[in-house]
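Trainee: What follows is a structure written as structure tokens; I'll ask about it next.
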Amino acid sequence: MAVFCDKYEEKVRTYINVIDEMRSMGIDKEFSLPTIAVIGDQSSGKSSVLEMLSDVGLPRGTGVVTRCPLELKLKKIEENKPWKAQISYRDYSRTLNHASQVEDEILKAQDILTESISISSELISLQVESSNTPDLTLIDLPGITRVAIGNQPQDIGKLTKGLIRSYIQRKETIILVVIPCTMDIATTEALKMAHEFDPDGERTLGVLTKPDLIDKGTEESILNIIENKVVPLKKGYILVKCRGQNELNANTTMSAALEEEITFLKNSSHFRPLLEKGVASFEHLSEKLTNELIQQIANWLPIMEEALREKVVEIQNKLDELGTNIPGDAQARKLFLNCKILTYCEELTSLVMGDYKKDYDNEKKICDYSRRVFSGWYNKLEIEKVRLNDEAMSKVRFHDKYSQGRELPGFTKYRVFESVIREQIQKLLPPSLQLMKELADKVQQVFNAMGFEHFQNFPNLILATKIAIDRLVQMVPMVTRYHLLQEFANQVKLEMAQTFLNESGADGLLDEHADIKRKRERLTDSLNQLNKARSLLMAKEISRVQ
Ligand code: GDP
Ligand code: MG
């Protein structure tokens, strides 16, 4: 039996640790983690329930005492180990060695977090290690107020509800609704809110407090609630008795209060059967809560694994878009720059050669563009050729007729022939220069656009590339004459290698836009964190607890 208990406790601890670790990694900012949220109307007994569960005195009083969500991480330790707690919020963290320090520390934390506001959503985390506590993590939320009292702001009710809603609307949250037996269950705001977000009562557990304060003869109505006859909840209700005002005045310890609870239940003919059925007492409540929480975690783990995997892929894609991380040391940076420029130049070559390795916009396909331009040009030349023939023939005939010299019949003077051709070529010169200019413009435009794509995070590199292209593009008409568009790409490659790699200022070319760098760092951080969370899930190899 002891072995079974140990194994069970170990498993429970493992499950709860996974969630605690995920929360400390900040995973809860991206994903909702399974948790138990404690909600209730003001003075319903929330703090009393929590302190009975946690073995720690929490702040109490009238009005809104809880002003921030309080995460209570309870860890059961061996009997002979000392009680210990740790409070943390924002950058603050402090170890407490005595339970009496807790209340002041929480009040101090709340004052800091709600400095100029009435309610804050910032979390205070309190980890308690005690031999008198179950393994459980719960979140205590501010009580629901109906009307603002004293110097509370008018919208306090709205603020509180908003905060509570943010927790209970998540499907992963188990809603623990604290309802005093002294109140008409139908009028409790907390139960109404729980019903709003969990209409079938799938993840809501009711806790009935103050059974010792009800009027004699009204016990039946409480039994009806517990038998799920009034507001049915799939997880049902549990009746507990906390420390009342008398016990507080008498400074009754938590363990004495727990004993008193059992005595009270046993002495009541109405409530004794509830104890026997396991639907009354703190002992049953903490057992039930632990079971519910680990079941919730077990159901959630596979979903989480999948969600983490998807998120990792998403972030990886974003990182890929941002480009590779730039190395730190000078030699590696040079190599990196070299590599970047080479990739760029290779792409230029493939664009001018028509050896497209990607699905490019037609705009960028220089090879196709030049083929189109040149075939237009050749058509034009064909027409010109016919005209040239006609004109030349008539000129020659004219010459033959009127200025025939000593040439043999059928032979035209070379001088005449030359002047005819020269005239024709003169006519073709302006359109051919125009054609070259258009081609050069196109090359300039595409090479610059590609430069922008390749080096978009490096403004200096873009500028340097642009200057090189603007200068070299004047060579296009010349190299075109030799069908050497690709030579131009090679020339750019050479030029860039020479200009950039041998320059002492080459390092500055890798200066990134600052926000890109920050964005990459942020994404890399969250990627590392998600991967950590994933490996955590995998390493635990947790099987379902049935
Ligand atoms: P909260 O505002 O919901 O946190 O309520 P508290 O836990 O501060 O409880 C309000 C008052 O009800 C306190 O004076 C408690 O001592 C008292 N109280 C809570 N539970 C019980 C109970 O089961 N029996 C008795 N007699 N008093 C209780
Ligand atoms: Mg309270």
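Trainee: Say whether the condition of being aromatic (Phe, Trp, Tyr) and over 34 Å from the mean Cα position of the chain (by Cα) is met by at least one residue in region 81-95.
Mentor: Yes, some residue in region 81-95 is aromatic (Phe, Trp, Tyr) and over 34 Å from the mean Cα position of the chain (by Cα).
Trainee: Checking residue 56 against (1) within 29 Å of the chain's Cα centre (by Cα); (2) away from ligand 1 (no atom under 12 Å from the Cβ): exactly one of these is not met. Which one?
Mentor: It is condition (1) that residue 56 fails.
Trainee: Can I ask one more? So, in region 102-119, of the ones that are assigned to a loop (DSSP other than H, G, I, E, B) and of a type in the set (A, V, I, L, M, F, W, C), which residue ends up nearest to residue 134 (Cα to Cα)?
Mentor: My answer is 119.
Trainee: Select from region 42-63 the residues that are in contact with a Ser or Thr (Cβ under 6 Å, 6 or more places away or on another chain) and either modelled with pLDDT under 90 or among the aliphatic types (A, V, I, L, M) (or both) and write down the one among them that is farthest from ligand 2 (Cβ to nearest atom).
Mentor: That would be 55.
Trainee: Could we say that residue 129 is acidic (Asp, Glu) and part of a loop (DSSP other than H, G, I, E, B) here?
Mentor: So residue 129 does not fit the description; no.
Trainee: Looking at 100, 93, 24, 120, can you tell me which residue is under 19 Å from residue 161 (Cα atoms), away from ligand 2 (no atom under 15 Å from the Cβ) and without any contact (Cβ under 8 Å) to a residue 60 or more places away in the chain?
Mentor: None of the others qualify; the one that does is 120.
Trainee: For region 114-142, how many residues are under 17 Å from residue 53 (Cβ atoms) and not hydrophobic (A, V, I, L, M, F, W, C)?
Mentor: Number satisfying all stated conditions: 11.
Trainee: Has region 26-48 got any residue that is within 16 Å of ligand 1 (Cβ to nearest atom), closer than 13 Å to residue 71 by Cα, outside any strand (DSSP E or B) and not hydrophobic (A, V, I, L, M, F, W, C)?
Mentor: yes
Trainee: With under 30 Å from residue 297 (Cα atoms) and either touching a Leu at 6+ places or on another chain (Cβ under 6 Å) or surrounded by fewer than 19 Cβ atoms within 10 Å (Cβ to Cβ) (or both) as the only criterion, which of 246, 228, 251 stands out?
Mentor: Checking each option against the conditions leaves just 228.
Trainee: Could I ask something else about it? Restrict the check to region 507-519 and report whether at least one residue is loosely packed, with under 14 Cβ neighbours inside 10 Å, modelled with pLDDT of 75 or more and more than 30 Å from residue 452 (Cβ to Cβ).
Mentor: There is no residue in region 507-519 that is loosely packed, with under 14 Cβ neighbours inside 10 Å, modelled with pLDDT of 75 or more and more than 30 Å from residue 452 (Cβ to Cβ).
Trainee: Hey, does region 9-23 have a residue that's away from ligand 1 (no atom under 15 Å from the Cβ), surrounded by fewer than 23 Cβ atoms within 10 Å (Cβ to Cβ) and within 19 Å of residue 238 (Cβ to Cβ)?
Mentor: Yes, region 9-23 contains a residue that is away from ligand 1 (no atom under 15 Å from the Cβ), surrounded by fewer than 23 Cβ atoms within 10 Å (Cβ to Cβ) and within 19 Å of residue 238 (Cβ to Cβ).
Trainee: Considering only region 162-170, I want to know if a residue exists there that is more than 30 Å from residue 96 (Cβ to Cβ), among the aromatic types (Phe, Trp, Tyr), surrounded by 16 or more Cβ atoms within 10 Å (Cβ to Cβ) and in contact (Cβ under 8 Å) with a residue 24 or more places away in the chain.
Mentor: no
Trainee: A further question follows. If the Cβ limit is 7 Å and pairs must be 6+ apart or interchain, which residue in region 330-358 that is exposed (fewer than 13 other Cβ atoms within 10 Å of the Cβ) pairs with which residue that is at pLDDT 80 or above and in a helix (DSSP H, G or I)?
Mentor: From region 330-358, the pairs are 343/454; 357/350.
Trainee: Can you tell me which residue within region 195-247, out of those that are free of Cβ contacts under 8 Å to residues at least 24 places away in the same chain and part of a helix (DSSP H, G or I), is farthest from ligand 2 (Cβ to nearest atom)?
Mentor: 224
Trainee: Which one is surrounded by the fewest Cβ atoms within 10 Å (Cβ to Cβ), of the residues in region 468-479 that are closer than 16 Å to residue 348 by Cβ and free of Cβ contacts under 8 Å to residues at least 40 places away in the same chain?
Mentor: Per the stated criteria, the residue is 471.
Trainee: Condition first: of a type in the set (Asp, Glu), at pLDDT 90 or above and near ligand 1 (Cβ under 10 Å from one of its atoms). Now tell me which residues in region 198-255 satisfy that.
Mentor: Listed by number, the list holds a single entry, 212.
Trainee: Please enumerate the residues belonging to region 360-390 that are assigned to a helix (DSSP H, G or I), surrounded by fewer than 14 Cβ atoms within 10 Å (Cβ to Cβ) and of a type in the set (D, E, K, R).
Mentor: 363, 371, 372, 382, 385, 387, 390
Trainee: What about residue 39, is it of a type in the set (Val, Ile, Thr) and away from ligand 2 (no atom under 16 Å from the Cβ)?
Mentor: no
Trainee: Something else about it: Quick check on region 183-194: of everything there that is among the β-branched types (Val, Ile, Thr) and away from ligand 2 (no atom under 16 Å from the Cβ), which residue is nearest to residue 242 (Cα to Cα)?
Mentor: 185
The values are calculated or read from the model by the stated rules, or taken from the named source; none is laboratory data. This structure is a prediction, so every number in the text was calculated from the model and none was measured. Reconstructed Cβ throughout: ideal geometry from the backbone, glycine too, with neighbour counts over all protein chains shown.
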